[in-house]
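The values are calculated or read from the model by the stated rules, or taken from the named source; none is laboratory data. Since we're looking at a predicted model, the values are computed, not measured. Cβ sites come from the backbone with ideal geometry, for glycine too, and all protein chains shown count toward neighbours. Heads up: the accessible areas ignore ligands, DNA and RNA and are worked out on the full protein's heavy atoms, side chains in. Shrake-Rupley method; radii C 1.70, N 1.55, O 1.52, S 1.80 Å.
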Amino acid sequence: MITILFRTFIMYAVILLSMKMMGKRQLGQMQVSEFITAMILSELAALPLSDRNIPLIYCLSPLAVIICLEVILSFISLKSSAAQKFLESSPTFIIDKGVINQKALVDNRITLEEMLVELRIAGLTSVSEAEYMLLEPNGKFSVIPKAAYRQATNEDLSLQVDESEPDISIIIDGKVDEKALSYLQKNDAWLKKQTSPHKHEDILLFSANASGKTTIILKDKNI
């Protein structure tokens, strides 16, 4: 049992470090090569856990090779447009200038029902409302409505609006984030004044922005 726990800890640490080194994005945003790499890493990690007779080095060695290959290929694709085109797929027009690209549907094995679902997710009620629809390299769909069906922006309406400032969470579940406090160029005295008469441990969330607007939410004592 101790051997299995030790191997599990080692493989978890190695996979975690590997993904950190490769700068992986979330699964839904992976390119094909990245997804393949992740699958191989998971399979290699499972081998020494399911069979104690397999030495760890037999799995760690190919893991290191795969990580190096992925990092090298990523670097090459950043420096070479030709390599990037080869390693990464390009967007495909499913709808181009309001016309459905039926060949693209067949080539990518996308049914009309799937296409209609994606259009509804994008807020459109009909194919006739879409100007462009692209299948992105990461497998997601991008939909650009026709001009008549696009939401009006402040620029379209000639409205003058102020830039919004994000709230910075300073206290989360009773714990003070000193970095957030420093980012806003505030000190403990200011924080104490803003949260008075409440104790920090009684605060679920306290946030503030650069303009000085604050939000405080207290914990439910009945939970």
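Annotations
- Under 5 Å, built H, 5+ apart or other chain: amide partners of Ile94: Met133, Leu134, Leu135
- Rounded to 0.05, the FRET efficiency of the Ser80 and Tyr132 pair, given R0 = 45 Å and the Cβ-Cβ distance, is 0.95.
- For segment 149-215, the solvent-accessible area works out to 80 Å² per residue, with a probe of 1.4 Å and every protein chain left in place.
- Principal axis dimensions, segment 143-219 - Cα atoms, whole angstrom, descending: 53, 23, 21
- Accessible area of segment 40-150 belonging to carbon and sulfur atoms, whole % at 1.4 Å probe: 61
- Three semi-axes describe the equivalent ellipsoid of segment 32-176; taken as square roots of 5 times the Cα gyration tensor eigenvalues and ordered largest first, they are 41, 27, 17 Å.
- Working from label points 7 Å from Cα in the Cα-to-Cβ sense, the Arg52 to Asn187 distance is 6.0 nm.
- Total formal charge among the other residues, if their Cβ is under 12 angstrom from that of Ala180, Lys/Arg +1 and Asp/Glu -1: 0
- Ignoring aspartates and glutamates fewer than eight residues from Lys219 along the same chain, the ones with Cα atoms less than 16 angstrom from its Cα are Asp173, Glu201, Asp202.
- Computed 3J(HN,Hα) for segment 52-68, one whole-Hz value per residue from the Karplus formula 6.51 cos²θ - 1.76 cosθ + 1.60 where θ = phi - 60°, is 5, 7, 8, x, 4, 4, 5, 9, 5, 5, x, 4, 5, 5, 5, 4, 4, glycine and proline marked x.
- For the pair Glu155 and Lys97 in one chain, pulling the backbone fully straight at 0.36 nm per residue adds 18.5 nm over the alpha carbon distance.
- Where a label projected 7 Å from the Cα of Asp220 along Cα→Cβ would reach, residues of segment 172-200 with amide N under 11 Å: none
- Inter-label distance for Val117 and Ile168, nm, one decimal - labels placed 7 Å from Cα along Cα-to-Cβ: 4.3
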